[in-house]
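This report refers to the structure that appears directly beneath it.
The values are calculated or read from the model by the stated rules, or taken from the named source; none is laboratory data. The shown structure was predicted, so the numbers you read here are calculated from the model rather than taken from an experiment. Every residue, glycine among them, receives a Cβ derived from its backbone with ideal geometry; neighbour counts consider all protein chains shown. Calculation scope for accessible area: heavy atoms of the full protein, side chains included, ligands and nucleic acids excluded. Shrake-Rupley method; radii C 1.70, N 1.55, O 1.52, S 1.80 Å.
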Amino acid sequence: MFFFSNQINLHQQKCPKKAVECPVTGCRRIMMKEDYSRHISEAAASHYNLQSAEIQRLRRAIHDKVKDLR
């Protein structure tokens with residue numbers, strides 16, 4: 001069976017078995033593309049905690065920058 005390179009590239013982009021990384025900062029979970037939606041649902045509480053910590057970190061960074069400008 002022959003596959004042209006454009007067919008392979010198209011498959012690699014859409015393949016449900018493709019490894020994807022969770023986009024939530026700090027999560028670091030790698031899963032198959034087909035499991036992404038389930039991960040987002042199941043990890044909602046931990047993602048909330050991770051995002052809250054990231055917001056606090058960014059607030060401190062902004063505060064420090066403003067303080068340095070004064």
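Some observations on this one:
- Yes/no for SER37 being free of Cβ contacts under 8 Å to residues at least 24 places away in the same chain, of a type in the set (Gly, Ala, Ser) and open to solvent by 60 Å² or more (accessible area, probe 1.4 Å): yes
- Subset tally (residues that are outside any strand (DSSP E or B) and open to solvent by 100 Å² or more (accessible area, probe 1.4 Å)) for the stretch 13-24: 3
- Some residue of the stretch 41-62 being under 30 Å from HIS11 (Cα atoms) and open to solvent by 80 Å² or more (accessible area, probe 1.4 Å): yes
- Pairs where the first residue, in the stretch 45-70, is closer than 19 Å to ARG28 by Cα and the second is of a type in the set (D, E, K, R) and modelled with pLDDT of 95 or more, C-beta under 9 Å, 6+ apart: none
- CYS27 satisfies every condition listed in (1) assigned to a helix (DSSP H, G or I); (2) surrounded by 10 or more Cβ atoms within 10 Å (Cβ to Cβ) except (1).
- For GLN7: the one exception among (1) out of contact with any Cys (no Cβ under 8 Å at 6 or more places or on another chain); (2) assigned to a loop (DSSP other than H, G, I, E, B): (2)
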